[in-house]
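In what follows, a single structure is set out as structure tokens and then discussed.
The values are calculated or read from the model by the stated rules, or taken from the named source; none is laboratory data. In this text, all values refer to a predicted model and were calculated from it rather than measured experimentally. Virtual Cβ from ideal backbone geometry, glycine too; neighbours counted across all protein chains shown. Areas reflect the complete protein model, heavy atoms only, side chains present, ligands, DNA and RNA absent. Shrake-Rupley method; radii C 1.70, N 1.55, O 1.52, S 1.80 Å.
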Amino acid sequence: MLTSKEKSETKRLPMMPIRDVVIFPHMMTPFVVGRESSVRALEEALSGDKKIFLATQHDASVDEPRPDEIYNVGTVANIVQSLKLPDGNIKVLVEGVERAKIVTVSEDEGFFRAVVKTFQFRVESGPQLDALLSRVTSLFEQYVKLSQNLNYETMIAAIRVDDPGKLADTVGANLQLTIEEKQELLEIFDPVDRLTRVAEMLDIEIEKLNMDRTIQGRVKRQMEKAQKEYYLNEKIKAIQKELGRGEKSEIDELKKKIDAAGMTKDAYEKAIAELKRLENMPPMSAESTVSRNYLDWMLAVPWKKKTREIRDLAHAQQVLEADHYGLEKIKERILEFLAVRQLVKDPKGSILCFVGPPGVGKTSLGMSIAKATGRKFVRLSLGGVRDEAEIRGHRRTYIGALPGQILQMMKKAGTRNPVFMLDEIDKMSTDFRGDPSAALLEVLDPEQNYMFMDHYLDVEYDLSQVFFIATANVLHTIPPALQDRMEVIRLSGYTELEKLEIAKRFLVPKQMRATGVTENEVVFEESGLLELIQFYTREAGVRNLEREIGNICRKVARRMVTARAAKQTIEKVIVTPNVVNEMLGPQKFRMQYAEKKNQVGATVGLAWTELGGSILETEAAVMEGRGKLTTTGKLGDVMQESAQAAMSYIRSRAAALGLSRDFYRHLDIHLHVPEGAIPKDGPSAGITIATSIASALTGIPVRRDLAMTGEITVRGHVLPIGGLKEKLLAAHRQGIMQIVLPKDNEKDLPDIPEYIRKDMKLYFVESMDEVLKLALEREIEPLPLNPAAATTQAVEIAQRNEEKLTH
């Protein structure tokens, strides 16, 4: 035992919570007092014996801590000096006297008073204590030498003491410790135990400082080494220059590559200038890396290498027929392009744009063109691209700058004349970083793209030999200036017979290979494939059809594996309609519109979307009101204007429709297009809307076996529409075989497959009167002579319609 407790004493003192500092005995510490409670405690101490109890609070962010938020052990201190500052705070200098432990705390007159207990220890001297004192003194001297924050002479003078408690407190107060670690030292009352803990902390802190010094020395040596290498490299260059031997290095290799690259004159001069800059730069500098990367890109893009093109028309036709069924116009255009290549020595590159619904083979057609012509194929997806730098690249002033995607794809192709597919060109968008579609104007213009300028390379690059093919689902999102630079070729949706042939020739063999089944294990009958086409998919393309075929093949594969594991034999699966129903469950689609009864105010229309053609039903209801027309179903501006035009036609033809001239003053009309969550727009629903309103007003049901499409004018004229083939295919899929079409669309009939024209009965009309004669179940009742009776009749019709809708 080196120490023994001699006595303890209890005192009642003003208490001040302090934050971010621990006051040790024997230490002079200044701090600023600002809290009202702390100021009152300070004033109470100054009015007495100038003694105050200082204890650190747990959380420094708490402004008014409770007693349980303050450490139990603190320091009794003498207030040596106090000075009131202009802002009302008080600057205080205190000297720690002794550590004390809180017994009780009470709040008195807006500040804390604490009853604290102090302890006195008697230390027995001896060799063990002397050794501990010597060790701590030696360690602290070492710490002061390593630390850059402490004055050596001042610290050494401060620790020349024989009292172990005072030495421990002096050292602990000057160590770079956390508040928690300092509080831990303060709470050790036994001087020898405290000194022992200080020795342990000194060992840890000295080890940290030694590690920091080692790391700093290593960094310094590396910097000196880099400077030394730079100096020696420069000296070697000077020696070689004096000897006239030249420099055999990567600079020479780069020079040879630049000479052999076949660059244009401007590009060659810029590359040589950059090479000279690189030669004069320090190898370790950041700028040399930038220059080297630039030269690497200049050498990576193809300047003169071209793929030898296959111009054999017979071979190209064979490849296109093998890869795709149908698409005769596309194939014809490609063969024309190849024929021109044979006659013209150096023709400009072509720029085509395939527009059609998903799944009709736009991307795969581009791959077939590359295969037919023997060119390399690269594909760049533009979906979601909104930064102009994606096309043109970043300037070299930016860190991590790269060429744009155009030149990156050219590097990937490795030739000047690849087939370059710009996929989903209609999905680009614009934001504060620029408009990528505007950057494409130069790329897709044969009159300009021979001198395409990328921001990174900053030299002209020839894209005139590239065969650009863009793909899109719709055209209206592509800027008109960009559309004007491309030859637009539309790919319509496939008919059922085309889908059947595609499934037999391509999809079934592909999915059988993908799932590992053979013709000895599964056979798809035509009836089974037609079941899939008609009742399990409803699309313009064939993607979902391929998925369903793959689904059946996977189920067959599982049966085979299970049977082999059980050592059973299994018969070949013949895919018929019944097998399809068994494997894929109930039919997902049905010929719904052809089976429904005729209804008042409900008309079947035809729409054309980016997914192909579809059926669009329009409903109208009339009720008592004041002539308000309400449209719902998320209709676009053009479609709402069509509804207004239809309403104006109905009002202008009131007498012919059996309505009084002021019928609208007593009625409200609600026009609704179902599937309200899907946005709808376009003028082609005009005659559909007019027919629904006329039916609702007259109470005559509309035929459900007849669909229609056409734009209407306020005078009742029917104007032509687009997407005729897609709309007729959609009606054919739904089993609706009678269609009302604008007279001006009769010229588009050659584009419709012959078997579709044979199955369907097409009515071509010029006016809305003709539409109503065809669409309504019966002739419209004539207008009564008495206008008041006509108004009453219209209200009665509206009430009857409301009752029917309720049923």
How many angstrom separate the Cα center of region 410-432 from the Cα center of region 360-398?
-> 2
Could you please state how large a percent of the accessible area of the chain is carbon and sulfur, counting protein chains only and using a 1.4 Å probe?
-> 50
Alpha-carbon radius of gyration plus Dmax, which is the widest Cα pair, for region 629-673 in Å = 11.5, 32
Any idea which of GLY326, ALA314, LEU295 is furthest toward the positive side of the dipole for region 292-335, if Lys and Arg beta-carbons carry +1 and Asp and Glu beta-carbons -1?
-> LEU295
Could you list the square roots of 5 times each eigenvalue of the Cα gyration tensor of region 68-125, that is, the equivalent ellipsoid semi-axes, sorted largest first and rounded to whole Å?
-> 27, 19, 8
Once the whole set of protein chains is in place, how much accessible area is left on LEU195, using a 1.4 Å probe, in Å² to the nearest 10?
-> 0
Which FRET efficiency value, to the nearest 0.05, is calculated for LEU774 and GLU328 with the Förster distance at 22 angstrom and r the Cβ-Cβ distance?
-> 0.10
Which values of log₁₀ I(q)/I(0), to two decimal places, follow from the Debye formula for region 309-431 at q = 0.16 Å⁻¹ with a uniform point scatterer at every Cα?
-> -0.87
Rounded to the nearest 500, the 222 nm mean residue ellipticity computed for the chain from DSSP H runs (n ≥ 4, each -39500 (n - 2.57)) alone is -13500 deg cm²/dmol
Simple label model, 7 Å out from Cα along Cβ direction - GLU141 to ILE79, nm | 4.2
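How large is the Kirkwood hydrodynamic radius of region 444-496, in angstrom, based on all distinct alpha carbon pairs?
On the way: mean 1/r = 0.0742 Å⁻¹.
One decimal place: 13.5 Å for the Kirkwood radius.
Could you give the C-alpha radius of gyration of region 433-583 expressed as a fraction of 2.2 N^0.38 Å, taking N as the number of residues it contains?
Numbers: Rg = 23.8 Å, N = 151, 2.2 N^0.38 = 14.8 Å.
Cα Rg divided by the expected 2.2 N^0.38 Å: 1.61.
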Over the alpha-carbon set of region 316-382, divide Rg by the Kirkwood Rh and report the Rg/Rh ratio to two decimals.
-> 0.95
Separation of region 702-722 and region 519-562 by C-alpha centroid, Å?
-> 38
Could you run the Debye sum over the Cα atoms of region 150-226, one equal point scatterer each and no solvent, and tell me log10 of I(q)/I(0) at q = 0.20, 0.22 Å⁻¹, two decimals?
-> -0.89, -1.01
Once you have the Kirkwood Rh of region 1-114 from its Cα pairs, apply Stokes-Einstein at 37 °C and 0.692 mPa s and quote D in µm²/s.
-> 227
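Show me 763-769, 106-112, 439-445 ranked by packing, highest mean number of other Cβ atoms within 10 Å first.
Numbers: 763-769: 17.9, 106-112: 14.6, 439-445: 21.0.
Result, highest mean Cβ count within 10 Å first: 439-445, 763-769, 106-112.
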Mean projected area in nm² (Cα convex hull; one quarter of hull surface) for region 689-760 | 5.3
Sequence ranges 224-230, 570-576, ranked by mean other-Cβ count within 10 angstrom, highest first | 570-576, 224-230
P(r) for region 566-666: what percent of alpha-carbon pairs falls in each 5 Å bin, starting at zero?
-> 2, 8, 12, 16, 13, 12, 8, 6, 5, 5, 5, 4, 2, 2, 1, 1, 0
Just the number, please: Stokes-Einstein D of region 622-770 in µm²/s, Kirkwood Rh from C-alpha pairs, 20 °C, 1.002 mPa s.
-> 133
Tell me the Kirkwood hydrodynamic radius of region 68-186 in angstroms, computed as one over the mean inverse distance between distinct C-alpha pairs.
-> 17.3
What FRET efficiency would be calculated for the residue pair ARG513, ALA566, taking the C-beta separation as r and a Förster radius of 25 Å, to the nearest 0.05?
-> 0.45
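Please give the per residue accessible area of the chain, computed with a probe of 1.4 Å over protein heavy atoms only, in Å².
On the way: 41200 Å² over 807 residues.
The answer is 51 Å² per residue.
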log10 of Debye I(q)/I(0), alpha-carbon scatterers only, for the chain at 0.05 Å⁻¹ = -0.63
Give the span of region 352-493's Cα atoms along each principal axis, as three whole-Å numbers ordered largest to smallest.
-> 48, 35, 27
Got a sec? Which residues in region 372-386 would a label at ALA314 touch, if it sits 7 Å along Cα→Cβ and we count backbone N under 20 Å?
-> 372-374
For region 426-516, state the average projected area of the convex hull of the C-alpha atoms over all orientations, rounded to one decimal in nm².
-> 9.9
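If you average 1/r across every pair of different Cα atoms in region 406-476 and take the reciprocal, what Kirkwood value do you get, in Å? Numbers along the way, then the final one.
Values: mean 1/r = 0.0761 Å⁻¹.
Every distinct Cα pair counted, the radius reaches 13.1 Å.
Express the Stokes-Einstein translational diffusion coefficient of region 166-304 in µm² s⁻¹, to the nearest whole number, given a Kirkwood radius over alpha-carbon pairs, 37 °C and a viscosity of 0.692 mPa s. Kindly include the intermediate steps, with their values, before the conclusion.
On the way: Rh = 20.7 Å.
D = 158 µm²/s.
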Where does each of 555-567, 501-513, 696-708, 309-321 land if you order them by average Cβ count within 10 Å, highest first?
-> 696-708, 501-513, 309-321, 555-567
Take the Cα radius of gyration of region 299-355 and divide it by 2.2 N^0.38 Å, with N its residue count; two decimals is plenty.
-> 1.34
